[in-house]
Amino acid sequence: MGQTLTEKILDDHLVEGELETGEEIGIEIDQVLTQDTTGTMVWLQFEAMGLDEVQTEIAAQYCDHQTYQFDFKNTDDHRFLRSAAGTYGAHFSRPGNGICHNVHRENFAAPGKTLLGSDSHTPTPGGLGELAIGAGGIDVTVAMGGAPYYIEMPEIVEVRLEGELPEWATAKDVILEMLRRLSVKGGVGKILEYTGPGVETLTAPERMTITNMGTELGATTSIFPTDEQTEDYLERVGREDEYVEIQPDDDAEYDDEIVVDLSDLEPLIATPSMPDNVVPVREVAGEDVQQVIVGSCTNGGYEDILPVAKMLEGRQTAMETETIVAPGSKQASEMLARKGWVAEMMAAGVNFSEATCGACIGIGHVPASDSVSLRTFNRNFEGRSGIEDDNVYLCSPEVAAAAALAGEIVDPRDLADELEDLEDPGVELPDEYDGSKTDLIAPDEAVDDELIKGPNIGDVPLKDQLGDDVAGEALLKMEDNITTDHIIPATQDILMYRSNVPKLSEFTLSRVDDTFAERALEADGGFLVAGENYGQGSSREHAALCPMYLGIEGVLAQSFARIHRANLFNFGIVPLTIDEETYENIDQGDEIEIVDDVYDAVTSGQEEFTVRVNGDEYTATLDASERERDILAAGGKLAWTKDQAEESG
Ligand code: F3S
């Protein structure tokens, strides 16, 4: 039987297990990336494990989430990260150089390679044929130290693209259509492999818009085959020698198939406050828009901003609408500036921002209260913009530019009818991505050779080995689709404590219940209860680390998002799956007890656990590999890795 593209890459990197759905496999990792909010813990854990040198072909440390240096904390973190990259042998991308996925795709992403990143949108270079997976920071630490990455073999789903995009429909509409059909849970446990005749009609950057936002589907990753478009992009970024052709075999078999006819697509928009609330733009046309932002790792490339510049050239943005362009990389900013497009956009009323995640996580450009913000980003979870009851819509750069001109949501096709000389700008790649590289420091140019820690950089907290008696109060009961943003918000005032876990923990779940952290510390143990898809969103391991620090011993949820589930194991918190009836029967404040001897049950491979709630008994499931059970029993991955190192002498 032939192989899928995913199987070919996995086969090439397989060090343990067999490529059968649901089986745990260990794969060799070629490249790793980390960013500033997850990176400090990655390096502190690297140090705590006693590792002394990066072992992967490429390791890259980016500073993109919190680039504004409001006070010494962020600046200290940036300096620590630079010193860690220098000390251990990673590339260092300075704050302001751009968003990790944009800078990575321009400089390092390569077909046929594996990439593990401590950021949920790590799958972005899947559009270049790289098998790229997001993971918790400690998984990245371990991979960077040369160990395999373990994952349950996902289902492989063929997404067959037919036809060609019509005017004004874009790659963003392809992925919005996928979200409309599949929802934010539709990709869980799956790798989406794009095939079909529509593939060759999309440039590599368009493909990367699609693979970037496969994360919003909950997919493990998304990937495209490589072809002339891939080769063409690699030539333009000056890395044509890294091209390899990888295609699925003609007789490859997939677990499922989805067909998207590109020619049926039209401009789409995700309405507040979930990326899967997708409707045609025309359905919400006429809504006043107070803010438009173009950028992020989804649509922050040179070729994403160029259409906006062309649409705005010689025109004026609406007076009531603030329009901001935040390129994904400094290279994109520099190229747009050199070609005169920055000046054109500024003349049209655009406020040009530094290349940063910024507004995507509520750091800067927070919308006004009771206002509409239209963004080309990938997420619009409630409150993520920095204000609680926000109204954030997600759309393509073309739809964003149309709204900036009209001051309201408008289908660009209708605006083009009104403004006769407004044409679909189409997709145009530069001949050469020729921005300077002064902000990317290679390991052999390292500035530092020892770690520099400021006063806000603490130690990595450790948890004791799992005990036999696990009991406590249901400290918080939550609904479906709780995001890691709910657990640890990523706003500036909170995330500046990312390297100081005791302080950061004070904010745990504060967006759901602001007494939670205090109650958890007081209770000295206890449970979280949640509905479906608990922990979706960002890969932020603080969302497990802080609850661990507060003494949370278990999470009972109807289902878990993939990366967060792994993070719970990595920090020694027992993730048990419960059915809807059990969920309905637990109230906040109930006393919960796991009846089994937990340590013995976990290590012996027991799957069904008896959970006693107010005297009634229910069944909960621990679906975990042997390795995951060992990690849980040891009290988390750091303790487990140290034990392993001691055992092997
Ligand atoms: Fe940054 Fe937002 Fe992407 S936080 S990495 S731009 S999802």
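The values are calculated or read from the model by the stated rules, or taken from the named source; none is laboratory data. Computed from a predicted model, the values in this text were never measured in an experiment. Every residue, glycine among them, receives a Cβ derived from its backbone with ideal geometry; neighbour counts consider all protein chains shown. Keep in mind that these areas ignore ligands, DNA and RNA; they rest on the heavy atoms of the full protein, side chains included. Shrake-Rupley method; radii C 1.70, N 1.55, O 1.52, S 1.80 Å.
State whether one or more residues within region 119-137 are open to solvent by less than 20 Å² (accessible area, probe 1.4 Å), in contact (Cβ under 8 Å) with a residue 24 or more places away in the chain, more than 15 Å from the ligand (Cβ to nearest atom) and in contact with an Asp or Glu (Cβ under 8 Å, 6 or more places away or on another chain).
Within region 119-137 (the criterion being open to solvent by less than 20 Å² (accessible area, probe 1.4 Å), in contact (Cβ under 8 Å) with a residue 24 or more places away in the chain, more than 15 Å from the ligand (Cβ to nearest atom) and in contact with an Asp or Glu (Cβ under 8 Å, 6 or more places away or on another chain)), the answer is yes, since at least one residue qualifies.
Quick check, is Val294 away from the ligand (no atom under 16 Å from the Cβ) and at pLDDT 95 or above?
Answer is no for this residue.
I'd like to check something: does region 89-103 contain any residue that is surrounded by fewer than 24 Cβ atoms within 10 Å (Cβ to Cβ) and under 24 Å from Thr6 (Cα atoms)? Reasoning before the result, please.
Keep residues of region 89-103 that are surrounded by fewer than 24 Cβ atoms within 10 Å (Cβ to Cβ), which gives 89, 91, 94, 96.
Now restrict to residues that are under 24 Å from Thr6 (Cα atoms): none.
The answer is no, given that none of the residues of region 89-103 is surrounded by fewer than 24 Cβ atoms within 10 Å (Cβ to Cβ) and under 24 Å from Thr6 (Cα atoms).
Does at least one position in region 99-109 carry a residue that is more than 16 Å from the ligand (Cβ to nearest atom) and touching a Gly at 6+ places or on another chain (Cβ under 7 Å)?
no
Residues that are among the hydroxyl-bearing types (Ser, Thr, Tyr), free of Cβ contacts under 8 Å to residues at least 60 places away in the same chain and crowded, with 24+ Cβ neighbours inside 10 Å: does region 383-394 have at least one?
yes
Under 6 Å between Cβ atoms, which residue pairs at least 6 apart in sequence (or on different chains) link something in region 631-648 that is on the phi > 0 side of the Ramachandran plot with a partner that is assigned to a helix (DSSP H, G or I)?
Note: pairs meeting the criteria are Gly636/Asn570.
At least 2 residues that are open to solvent by 20 Å² or more (accessible area, probe 1.4 Å) and among the acidic types (Asp, Glu) in each: list the strands (runs of 3 or more DSSP E) lying fully within region 205-299 that qualify.
256-261
Output yes when any residue across region 360-378 is assigned to a helix (DSSP H, G or I) and either within 16 Å of the ligand (Cβ to nearest atom) or out of contact with any Ser or Thr (no Cβ under 8 Å at 6 or more places or on another chain) (or both), and no when none is.
Within region 360-378 (the criterion being assigned to a helix (DSSP H, G or I) and either within 16 Å of the ligand (Cβ to nearest atom) or out of contact with any Ser or Thr (no Cβ under 8 Å at 6 or more places or on another chain) (or both)), the answer is yes, since at least one residue qualifies.
Search region 488-499 for residues being in contact with a helix residue (DSSP H, G or I) (Cβ under 8 Å, 6 or more places away or on another chain) and assigned to a helix (DSSP H, G or I), and hand back the single one that is surrounded by the fewest Cβ atoms within 10 Å (Cβ to Cβ).
Step by step, filter region 488-499, then rank; the result is Ile494.
What do you reckon, is Glu518 closer than 19 Å to Leu462 by Cα, open to solvent by 10 Å² or more (accessible area, probe 1.4 Å), of a type in the set (Asp, Glu) and not assigned by TED's automatic domain parsing to the domain that holds Lys190? Let's see the steps before the verdict.
On the way: closer than 19 Å to Leu462 by Cα: no; open to solvent by 10 Å² or more (accessible area, probe 1.4 Å): yes; of a type in the set (Asp, Glu): yes; not assigned by TED's automatic domain parsing to the domain that holds Lys190: yes.
Here the answer is no, as Glu518 does not meet what is asked.
Test each condition in (1) without any contact (Cβ under 8 Å) to a residue 12 or more places away in the chain; (2) part of a strand (DSSP E or B) for Glu193 and report the one that comes out false.
If we test Glu193 against (1) without any contact (Cβ under 8 Å) to a residue 12 or more places away in the chain; (2) part of a strand (DSSP E or B), just (1) comes out false.
Among the numbered conditions (1) buried (at least 22 other Cβ atoms within 10 Å of the Cβ); (2) farther than 20 Å from Gln536 by Cβ, tell me where Leu556 comes up short.
Single failed check for Leu556: (2).
Any idea which residue in region 350-359 is nearest to the ligand (Cβ to nearest atom), counting only those that are buried (at least 23 other Cβ atoms within 10 Å of the Cβ) and part of a loop (DSSP other than H, G, I, E, B)?
Checked region 350-359; the qualifying residue nearest to the ligand (Cβ to nearest atom) is Cys357.
Looking at region 342-349, is at least one residue away from the ligand (no atom under 16 Å from the Cβ), in contact with a strand residue (DSSP E or B) (Cβ under 7 Å, 6 or more places away or on another chain), aliphatic (A, V, I, L, M) and in a loop (DSSP other than H, G, I, E, B)?
No; the residues of region 342-349 include none that is away from the ligand (no atom under 16 Å from the Cβ), in contact with a strand residue (DSSP E or B) (Cβ under 7 Å, 6 or more places away or on another chain), aliphatic (A, V, I, L, M) and in a loop (DSSP other than H, G, I, E, B).
This table checks each residue for (1) among the hydrophobic types (A, V, I, L, M, F, W, C); (2) modelled with pLDDT of 95 or more; (3) over 18 Å from Met478 (Cα atoms); (4) open to solvent by 10 Å² or more (accessible area, probe 1.4 Å).
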residue: Phe507; (1), (2), (3), (4): yes, yes, no, yes
residue: Ala530; (1), (2), (3), (4): yes, yes, no, no
residue: Phe560; (1), (2), (3), (4): yes, yes, no, yes
residue: Tyr583; (1), (2), (3), (4): no, yes, no, yes
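List the pairs whose first member sits in region 498-514 and is without any contact (Cβ under 8 Å) to a residue 60 or more places away in the chain, whose second member is open to solvent by 60 Å² or more (accessible area, probe 1.4 Å), and whose Cβ atoms are under 7 Å apart, counting only residues at least 6 apart or on separate chains?
Cβ pairs passing all conditions: Val501/Tyr549; Pro502/Tyr549; Ser505/Tyr549.
How about region 601-643: which of its residues are under 25 Å from Gly22 (Cβ atoms) and open to solvent by 50 Å² or more (accessible area, probe 1.4 Å)?
Thr603, Ser604, Gln606, Glu607, Glu608, Thr619, Asp623, Glu626, Asp630
Based on this model, can you work out whether Glu53 counts as more than 22 Å from the chain's Cα centre (by Cα) and assigned to a loop (DSSP other than H, G, I, E, B)? Write out each step before concluding.
Values: more than 22 Å from the chain's Cα centre (by Cα): yes; assigned to a loop (DSSP other than H, G, I, E, B): yes.
Yes; evaluated as a whole, the condition is true for this residue.
Go through the residues of region 140-147 one by one and say whether even a single one is hydroxyl-bearing (Ser, Thr, Tyr) and either surrounded by fewer than 23 Cβ atoms within 10 Å (Cβ to Cβ) or under 27 Å from Val281 (Cα atoms) (or both).
no
Name the helices (runs of 4 or more DSSP H) wholly within region 396-487 that hold at least 1 residues that are open to solvent by 50 Å² or more (accessible area, probe 1.4 Å)?
Here the list reads 412-418.
Does region 5-27 contain any residue that is out of contact with any His (no Cβ under 6 Å at 6 or more places or on another chain), within 21 Å of His542 (Cα to Cα) and buried (at least 19 other Cβ atoms within 10 Å of the Cβ)? Write out each step before concluding.
Here is the first cut: in region 5-27, the residues out of contact with any His (no Cβ under 6 Å at 6 or more places or on another chain) are 5-26.
Checking the rest, the ones that are also within 21 Å of His542 (Cα to Cα) come to none.
Looking for residues that are out of contact with any His (no Cβ under 6 Å at 6 or more places or on another chain), within 21 Å of His542 (Cα to Cα) and buried (at least 19 other Cβ atoms within 10 Å of the Cβ), one finds none in region 5-27, hence no.
For region 56-83, enumerate the residues that are part of a helix (DSSP H, G or I) and open to solvent by 30 Å² or more (accessible area, probe 1.4 Å).
Going through region 56-83, the residues part of a helix (DSSP H, G or I) turn out to be 72-83.
Within region 56-83, Phe72, Thr75, Arg79, Arg82 qualify.
For region 386-412, enumerate the residues that are within 13 Å of the ligand (Cβ to nearest atom) and at pLDDT below 95.
Passing the criteria: only Gly386.
In region 529-555, what residues are over 18 Å from the mean Cα position of the chain (by Cα) and within 22 Å of Ile151 (Cα to Cα)?
Narrowing region 529-555 to residues over 18 Å from the mean Cα position of the chain (by Cα): 529-532, 546-555.
Across region 529-555, the qualifying residues are Glu532, Gly554, Val555.
When both residues are 6+ apart or on different chains and their Cβ atoms are under 7 Å apart, which pairs have a first residue that lies in region 277-304 and is of a type in the set (S, T, N, Q), and a second that is in a helix (DSSP H, G or I)?
Every condition considered, the pairs that remain are Ser296/Cys360; Thr298/Thr209; Thr298/Asn212; Thr298/Met213; Asn299/Lys172; Asn299/Thr209; Asn299/Pro397.
Can you tell me which residue among Glu283, Glu303 is more than 16 Å from the ligand (Cβ to nearest atom) and out of contact with any Pro (no Cβ under 8 Å at 6 or more places or on another chain)?
Glu283
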